[in-house]
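A quick write-up on the structure given underneath.
The values are calculated or read from the model by the stated rules, or taken from the named source; none is laboratory data. If you're wondering where the values come from, they're calculated on a predicted model, not measured in any experiment. Using ideal geometry, Cβ is built from the backbone for each residue, glycine included, and neighbour counts are taken over all protein chains shown. Quick note on the areas: whole protein, heavy atoms, side chains included, nothing else; ligands and nucleic acids left out. Shrake-Rupley method; radii C 1.70, N 1.55, O 1.52, S 1.80 Å.
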Amino acid sequence: MTYSRIAGTGSYLPEKVVTNQDLEKMMDTSDEWIRERTGICRRHTAAEDETCSDMALAAAGQAIEMAGIEVTDIDLIIVGTVTPDKIFPSTACILQRRLGIRGCPAMDIQAACSGFIYALDLARRQIETGGATTALVIGSEILSRLTNWEDRSTAVLFGDGAGAVILQASDEPGIISTHIHSDGEFEDLLEVPWGISSNYEAVRAGEAYIQMQGNAVFRKAVGTLGSMAQETLDGNNVDKHDLDWLVPHQANLRIIAAAAKKVDLPMDRVVVTVDEHANTSSASIPLALDTAVRDGRIQRGQLLLFEAFGAGFTWGSALVRF
Ligand code: COA
């Protein structure tokens, strides 16, 4: 049996930092409100000429270097994003050209904040069934372009960034299991309500922004993350006390704390980056993973649980022996 393992991680954050104090000057909000309700202190925002593929390329470079592979070893590229460079071709194809490789499949996947877990699920199944040996799996987002900076209920929540992993074929399981789900019933609770085939005029006018019913999303996220952790642990006969780290999607510190409680992990075994990065959608899990790998918290051989929840709703998890 062929398995897959994470051979390297990488990440990228744009240079510009926007603090809560900066936001106080732009809208009717306060550092205290933002920190108390979300745990967010600052976020990075992309430069005007920076694109999703620019950030993906930077994160990919780090992951490739850590994995110790040649770029030409990559035979599958999947990018999770809701903020692609172009409507088409995919950001993954653009990235492929920029990496200087040709021929291997490259695709974007759109599952909102669960995009990275969806991409990881696809990539590991490709590797396990012989379709690929070395996959580049990325989450890259420029949410600042979808943010209405006059809407304080959403503007304070999001940030830009990218995270990447190199997934390689292995004799032993690294990725032990992945679990992905969605339920389109809740489309209205969290959305950018227009696109190419519906009210494109609004998109062209620059009015296509993130809209959210925060309270309802909060409740749904907490409930779903709890049951997802149970599904993942039960499906693998793993006791929650065997987990070394929870690496959750970074949307809100209170949601993260509730998820940690469900698996009985103290907060010092949870990777938290939401304070520094805010919600970077599909980039948030690989960004958090790379942060904790590079600062030495996450060590080889440890057991990790990834959990994501996002618009759709979509949700997903992965149990990983790092
Ligand atoms: N600064 C100051 N006040 C704000 C504010 C801001 N940035 N945003 C909203 N408020 C106000 C509201 O207008 C409201 O005022 P009112 O009581 O006078 O009407 C009050 O704060 C409470 O708003 P509410 O939306 O009920 O707050 P909340 O406790 O639900 O917190 C969120 C709001 C968005 C932080 C919270 O609902 C949340 O985190 N939801 C999940 C969001 C998320 O993670 N989405 C992505 C999932 S992938």
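Computed values, structure above
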quantity	calculated
Positive-end residue of LEU122, ASN20, LEU157, charge dipole of segment 3-171 with Cβ unit charges	LEU122
DSSP bridge orientation in the chain - percent antiparallel, rounded to nearest 5	70 percent
Dipole magnitude of segment 18-88, debye to nearest 20 (Cβ charges: Lys/Arg +1, Asp/Glu -1, about Cα centre)	280 debye
FRET efficiency, THR19 to GLU48 (Cβ-Cβ, R0 22 Å, nearest 0.05)	0.70
Per-peptide average of other Cβ atoms within 10 Å, ordering 110-117, 191-198, 208-215 highest first	110-117, 208-215, 191-198
Residue-level accessible surface for LEU122, protein heavy atoms, 1.4 Å, Å²	60 Å²
Relative contact order computed over segment 1-123 (Cα-Cα under 8 Å; 6+ residues apart), in percent	25 percent
In the chain, lysine pairs with alpha-carbon atoms under 27 angstrom apart (chain gap of 8 or more, or interchain)	7
FRET efficiency for LEU303 and GLU65, using Cβ-Cβ distance with R0 set to 25 Å, rounded to 0.05	0.50
For the chain, calculated [θ]222 nm from helices alone, where every DSSP H run of n ≥ 4 adds -39500 (n - 2.57)	-10000 deg cm²/dmol
Förster-model FRET efficiency, 35 Å R0, ASN148 and MET107, C-beta, rounded to 0.05	0.75
More than 28 Å apart - percent of Cα-Cα pairs taken over the chain	34 percent
The chain - percent relative contact order, Cα under 8 Å, separation 6 or more	26 percent
Unit charges on C-beta of K, R, D, E only; dipole of segment 3-171, Debye	320 debye
Label-point gap, in nm, between ALA205 and ASP171 - each point 7 angstrom along Cα→Cβ	6.3 nm
Shape category assigned to segment 266-322 from the gyration tensor of Cα positions, a/c cut at 1.5	oblate
Rounded accessible area per residue of the chain, 1.4 Å, Å²	43 Å²
Cα-centre dipole for the chain with unit charges at Cβ (Lys and Arg positive, Asp and Glu negative), debye to 20	340 debye
Solvent-accessible surface (1.4 angstrom probe) belonging to HIS44, in square angstrom, nearest 10	30 Å²
Accessible carbon and sulfur surface of segment 177-321 relative to its total accessible area, %, 1.4 Å	47 percent
